[in-house]
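This report concerns only the one structure given below.
Each value in this text was obtained by applying a stated rule to the coordinates, not by laboratory testing. Given the structure is predicted, the values throughout are model-derived calculations rather than measurements. Neighbour counts run over all protein chains shown; Cβ positions are idealised from the backbone, glycine included.
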Amino acid sequence: MSMLYLDVDTQLDFVFPAGALYVPGAELILPRVAARNREAIAAGHLLVATVDAHTENDPEFAHWPHHCVAGTLGQRKPAQTLIEGLRPFHKQTTDIFSNPAFAALLDAEKISAALVYGVVTEICVLHAVRGLQQRGIHVSLDSQAVKELNPAARDLFFAELRDRGGAIL
Ligand SMILES: [Zn+2]
């Protein structure tokens, strides 16, 4: 395997209107996320889902509403995004590279290219993309399968991604 598909934080608390940290409109990207996940498995690529998994008194809650506490309903992924072969990686911060097992997997699988999607575009997707690009991995982002909170911040991130040689699909 050399290609990674990365489904970032599509969890009930983020993508459903009743979620604890709902990203407005995020439910609309779910069919596309599900399609990308199926595509990854069908093609034999590595499919990883980053999954926020907080403790009850997580430091992140100083900055954000209580969300994605491990074991709660809101922390789960919508059924349509789940597929046999998907590998979840937990994180307690906005950066998946805070989980050293993720970078170790990239090395072990000799990942050279990645397709990234999910939420929130200018926060957790951004940190994932930066970490991948810093490791020399070519990043494509599916603009139809991400959702932002702040359009201006999203646009700055898209410019940065392109400046570093990435592609917006
Ligand atoms: Zn979080």
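Structure summary
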| quantity | calculated |
| --- | --- |
| Charge tally in the Cβ shell below 9 Å around His67, where Lys, Arg are +1 and Asp, Glu are -1, His67 excluded | -3 |
| Sparsely packed trypsin sites (Lys or Arg not before Pro) within the stretch 68-167, loop by DSSP, other Cβ within 10 Å at most 16 | Arg76, Lys110, Arg135, Arg164 |
| Approximate spin-label separation Leu82-Ala104, in nm, with each point projected 7 Å along Cα-to-Cβ | 2.6 |
| Amide proton proximity set for Val139, modelled H, under 5 Å, gap of 5+ | Ala114, Ala167 |
| The chain: relative contact order in percent, alpha carbon pairs under 8 Å with at least 6 residues between | 27 |
| Local electrostatic count, Glu39, Cβ distance below 13 Å [Lys/Arg +1, Asp/Glu -1] | +1 |
| Estimated distance in nm for a label pair at Glu56 and Ser143, the labels positioned 7 Å out from Cα along Cα-to-Cβ | 4.5 |
| Mean Cβ neighbour count within 10 Å, used as a protection proxy, ranking 25-33, 77-85, 56-64 highest first | 25-33, 77-85, 56-64 |
| Computed E for Ala167/Arg32 - FRET, C-beta separation, R0 25 angstrom, nearest 0.05 | 0.90 |
| Amide H within-cut-off set for Leu47, under 5 Å, with H built and near neighbours excluded | Tyr5, Arg87 |
| Calculated from backbone phi, Karplus (6.51, -1.76, 1.60) coupling profile of the stretch 69-78 in Hz, x at Gly/Pro | 6, 3, x, 8, 4, x, 7, 6, 9, x |
| Residues listed by number, the stretch 88-128, amide nitrogen under 14 Å from Glu39 label point at 7 Å toward C-beta | 114-118 |
| GNM top mover of Leu115, Leu106, Leu73 - the chain, alpha-carbon springs below 10 Å | Leu73 |
| Shape of the stretch 71-169, Cα gyration tensor, a/c cut at 1.5 | oblate |
